[in-house]
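Accompanying notes for the structure given below.
The values are calculated or read from the model by the stated rules, or taken from the named source; none is laboratory data. Just so it is clear, the structure is predicted and the values come from calculations on it, not from any experiment. Ideal geometry is used to build each Cβ from the backbone, glycine not excepted, and the neighbour counts take in all protein chains shown. For the accessible areas, the whole protein counts, side chains as well, though only heavy atoms, and no ligand, DNA or RNA atoms are used. Shrake-Rupley method; radii C 1.70, N 1.55, O 1.52, S 1.80 Å.
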Amino acid sequence: MQNGLRIETRGLTKRFGTFTAVNKLNLRIEPGESYGFLGPNGAGKTTTILMLLGIHKPTHGQVLINDQVVRSDAFALKRRIGVVAESQTFYDEMSAWEYLMFFARLFSVNEPEKRGQALLEQVDLWEWRDVLVGGYSAGMKKKLGFARALVHSPDLLILDEPVSGLDPFGIIQVREMLKAEQAKGRTLLISSHILSEVERTVNRVGIIANGRLIMQDDMENVRQKVSGFERIELTFASLDETAVQEIGKLPFVQRIDRDGNSISLLTKDDTDYREAVGRFVLEKRLILLEMKKAEKNLEEAFVTITENNLAHLAGKGKE
Amino acid sequence: MENTKAPNYRWHAIDSLQDRASQSKLWGLGVFISMTIAFALSSILLVNAMRYTETNLLMIEKQPLLISILANGILVSLYLALLASISVSRELDKGTLETLLYGPVDELTYILGGFIAHVKVFSLTLLGALIWSNLCVWLLNLSFRLDILGLLLASLFMAAELIAFGLFSAIWGGKTRNALINFILIVLFLGGVQIADFIVSGLVQIQTSTISDPLIVIRNVLASLNSTIRWISPFSQVQRAMQALINQQTGEFILNMGLMLLECALLLVGAILLLKKKGVRGVA
Amino acid sequence: MFKHKTHFCSLVLIILLLSLIIPVSVTAQPTGDLDFVYGTNHYNGATYSSALVPPTVDTFYLLADKTSIVAAKFTQVYYWPITNEYKADWDSANIIIDGSLEIVKGNKVIQTVDLSEYVIQFDGNNKIDTTVLYLDSDAKAARENYETLQAKYRDDLSAYYNLLNEYTAIFQAALAELQRGNITEDQLPQAPPALADLSLFSTELLYGFPVNLPVGEYEIRLRLPDESIQPDSQKHLVVFDSLGEGIGYSISGEERWNLPENTSSINEVIYSLKDGTYFIQPVYQKLYNERYYTRMNNPQDTTTRTDRTLWVPFRSAEDVNLSVTGQEGTTELDLQPFYVHQILGSKLGYNIIPFDPESMSQPSFTAFKIKLENSLVYSIKLKDKNGEILIGSAREVRIINTNRTWLVYLVSAFPLIIGMVAVFMRRKNVRDIKVVGAG
């Protein structure tokens, strides 16, 4: 079942004075798709999202949702969109229930009380529904923001850093909610730095840097694109900084990360470098407790793509 | 789960916004305190008129409640206009306006919703003023005339104009502090010139034997200034409307009501266009 | 913020400049030497008043169908900043200009008025009904008659003072006899009857152009004997009439009879005190356009408007009675003359008593006397001698309750009470707490 919305941007550009925040962005998100929108800080993600919502007017280009140009007065279209923004702001003088009912009314939700109760129970806020929102913790506000975004059962859900500020249990709740929305065929657009969460939820990824889309592909293909690298994790009995630096200087080591007496090495995957690592450890008479290969993940792919392979992948991966 | 029988989207959004905004104004003591202070001042003015009657044994008036109702209307409408300015500025500062714009709300809807909310609250205070004036009529055996309703209507138009100005100054100023400063400065200027003109003219008449040239120059400057700003000042417009009502000059009453309505409309349109131009992120 | 401050200051500056520039007069300004002016002695609906039309005024006003005098003069005009107007220094210069006054309508001279002599006279006891404007030979005769009466009055006054001196001497002697018990009080000599003042007032024999025009707008100019037009003499003249007539009242309380309040309109309500005694003097009044009438008397006025009207009393009403309706029914009152009797000695004050022609020279005033003691609301109306109610004479009189003023303050506190209830109800429905450790 697909009743989500299609999002398309054509040559989308936004300039603030001489600074170009978004440069000729061509996105395409199909109805029912879960799309991860990734990029470092200042890449242009939020600006793009604001243009999608009609808050910012593009300098050039177009935003089309279901083939309609998005404007601030496109009410019928905006009623089908739900937004969870990175920074949540609320009317502190209202209780959660009043706040939710206000938005339910704004979106002309049928049986708003029933819908509101179901959502607040889902995010474990039902017990606190009569507390003024000003007294909520950051996590509670985040969950309330979710409830607000979902109250009118939107066909397109735009989430900017959806799990930041949540405890592990809250993250699980949000993940399940998003999966449920996915199953209903909604279009999801998730912008996040917590890449492990995005990896579990999205099936397509777009990566933006310096205002340009440098890669847009299925999750599996993105993983494949970083198949030239793998990670080896080692745990020692004790480790000094000199040893870490020497290991980092090994020719096949792309990157080294230290966490106490453990290190994580990023190497190319043309061969198994565990043997070479083992020999070096013996040479240096280091006491190795554990060595293993780690699975590739999106975080590595992200770091790799934006810092190391930018020019190369810009030619390979961009649509 | 959308209610497909939802009415026109824009008017529905305006209705939702004004309902929320007007309710939140009535959840605190602010409006009620301002009404109490306004009624207290009105009472002082009315009782002074009664004292005049006691001293002079009689008083001839078409409408002794005129000044009281006018003072009441000015105080409460200034408070609500200030409130409108502050609430819009804070929504811009905090980002709650942006959240609204994610949904079926645009600049026009938001401004109109805020405007209607504050005018609605003022109308409730007018109801209070009507009850107050009726009680005074009964307590003091004053004459009740239907022109009290006209006076209250003129107050409503003045309040609408001031509230529209409050909204405009919030968008114009952006940050709460700037919006407040703009609002207070301009209101002080408009009202202050009138009051200063009145006082200095009176001084010039009283102190003719010791008058100094600078005072006369000041008097002339204030009189000239007042003659210009009386056409744009809501305080002058409402005074003239009320006087026209008392003197049964329908044309003059309609003219001044029309002026207030026109300025109100211009300010609202200005606020909407300015918000569209600046955007919520640009304003804040 | 700085940008907005700049915008605001610019706005204020623009308004200031506009305000100062716009009202600048575009008419002629006084030169400081001798200036041409018109002086009017105009009929104001009751009597005659005078006004100055300086060079800075281009329009002046007169009442229709009644002769008013317009005099063309040279004088020294100066600006009086305290009252913001131009004045004429007649003492230094008061030069009548000979010529003829042309009245123009639609670019056609419809009337040419020659210079005339005139005198205005009236009886001080009844200025309104006795004011007369005499022209030409009648003016001369009236002036001569006045001078004759004046001379006779001076003679009579002299004789009276002589009689009074004689009487004083005789009275002192009689008083001494009274004290000795030789005569009784009723044998004391009576003072000679007081000499009635010369109540006729008259102007000097003056020169001006008598103007009597119907309602309309005209141009006037002064044509000099050499056929040229006097510079600065062209003015716009608006001739107007009253818009209607009505009844007004001058009302005073017994303890404040010399500080009356006036009511002109039937919309006005008379608020008074319980058990108060009031004197009501009815007047006939006329309704005029506020600007026209005020500028007729003061051509330099800037405060009035053409869309407003003004009631002007012109004559006391006589041969009428007052119908007073209260809770207890209707009472008809007649006009009565009253005398203000000053209380001598340290007590001071006065009593207002009915006028007794035998013991009093003349009444202080004539009025209806009413005492408001039974009802809270009265209605008063004037009726003529046929019993017909005079239009515009109805007024409502209400007795205010000054004992309850403190309740007005109490009522003002109601919104605060309602607010506290609202806040209490709100607190019941929501919890204002800080949630810790949840979510």
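What number, in percent, do you get for the relative contact order of the range C:244-403 if the mean sequence gap of Cα pairs under 8 Å and at least 6 apart is divided by its residue count? Could you put the intermediate results ahead of the total?
Working: 337 pairs, mean separation 44.2, N = 160.
Worked out over the range C:244-403, it gives 28 percent.
Measuring max minus min along each principal axis, the C-alpha atoms of the range C:244-403 give extents of 49, 41, 40 Å (largest first). Helix content alone sets the calculated 222 nm mean residue ellipticity of chain A: runs of n ≥ 4 DSSP H residues at -39500 (n - 2.57) each, divided across all residues, give -9500 deg cm²/dmol. Near the amide H of residue A:6, within less than 5 Å, lie the amide hydrogens of A:66, all on another chain or at least 5 residues away, with H placed in the peptide plane.
Heavy-atom accessible area for residue A:199, with the other protein chains in place and a 1.4 Å probe, reaches approximately 40 Å². A simple count of charges around residue C:367, restricted to other residues whose Cβ falls under 12 Å of its Cβ and scoring Lys, Arg +1 and Asp, Glu -1, yields -2. Packing, as the average of other Cβ atoms within 10 Å across residues, places the peptides C:401-412, A:50-61 in the order A:50-61, C:401-412, highest first.
Once you order the gyration tensor axes a ≥ b ≥ c over the Cα atoms, which shape class does the range B:142-264 get: rounded for a/c under 1.5, otherwise prolate or oblate by comparing a/b with b/c?
Oblate shape, in that a/c is at least 1.5 and b/c is the bigger or equal ratio.
When both the range C:113-189 and the range A:95-131 are represented by their alpha-carbon centers, they are found 99 Å apart. Peptide C:255-268 is shielded by partner chain Cβ atoms: per residue, an average of 3 of them sit within 10 Å of its Cβ. For the range C:264-347, the list of trypsin sites (Lys or Arg not before Pro) that fall in a loop by DSSP and count at most 11 other C-beta atoms within 10 angstrom reads C:347.
Summarising the amide proton neighbourhood of residue A:214: residues at separation of 5 or more, or on other chains, whose placed amide H is nearer than 5 Å comprise A:207, A:208, A:209.
Applying 0.36 nm per residue to the separation of residue C:361 and residue C:409 and subtracting their alpha-carbon distance, the gain on full extension is 12.1 nm.
Label sites at residue B:90 and residue C:127, each approximated as a point 7 angstrom past Cα along Cα to Cβ, lie 6.4 nm apart. Once B binds C, the 1.4 Å probe can no longer reach about 5600 Å² of accessible area, counting both sides.
Is chain C best put as rounded, prolate or oblate by its Cα gyration tensor, with a ≥ b ≥ c the root eigenvalues, rounded for a/c under 1.5, and otherwise prolate when a/b is larger than b/c, oblate when not?
Because a/c hits 1.5 or more and a/b fails to exceed b/c, chain C counts as oblate.
Near residue C:214, once Lys and Arg are set to +1 and Asp and Glu to -1 for all other residues with Cβ below 14 Å from its Cβ, the sum equals -1. Per-residue SASA remark: residue C:219, around 80 Å² accessible (1.4 Å probe; ligands, DNA and RNA not included).
Remind me, relative contact order of chain B in percent, using alpha carbon pairs under 8 angstrom and six or more residues apart?
Details: 320 pairs, mean separation 68.3, N = 284.
So the answer I get is 24 percent.
Of the listed residues C:311, B:132, B:27, the order by accessible area with a 1.4 Å probe, largest first, is C:311, B:27, B:132.
Charge tally around residue B:86: other residues with Cβ under 15 Å, Lys/Arg +1 each, Asp/Glu -1 each, net +1.
How many percent of DSSP beta bridges within the range C:244-403 run antiparallel, rounded to 5? The antiparallel proportion sits near 95 percent. Does the protein assembly as shown come out rounded, prolate or oblate by the C-alpha gyration tensor, with a ≥ b ≥ c the root eigenvalues, rounded set by a/c under 1.5 and, if not, prolate when a/b is larger than b/c and oblate if not? Taking the square roots of the gyration eigenvalues as a ≥ b ≥ c, the protein assembly as shown is prolate.
Of all complete DSSP H helices in chain B, those with a Cα span along the helix axis of 20 Å or greater and a mean Kyte-Doolittle hydropathy of 0.5 or more are B:30-56, B:66-94, B:107-140, B:147-173, B:176-206, B:213-229, B:250-283. Peptide B:219-230 shows a mean partner chain C-beta count of 4 within 10 Å per residue C-beta. Counting only other chain Cβ atoms within 10 Å of each residue's Cβ, the peptide B:99-112 averages 6. Residues in the range C:315-323 carry Karplus couplings, in order, of 7, 5, 8, 10, 6, 9, 10, 9, 9 Hz; the curve used is 6.51 cos²θ - 1.76 cosθ + 1.60 with θ = phi - 60°, and Gly or Pro positions show x. The modelled label-to-label distance for the pair residue C:340/residue A:240, using points 7 Å beyond Cα in the direction of Cβ, is 11.9 nm.
Cα to Cα, under 21 Å, and not fewer than 8 places away if on the same chain: which lysines meet these conditions relative to residue C:105? Cα-Cα hits under 21 Å: C:66, C:235.
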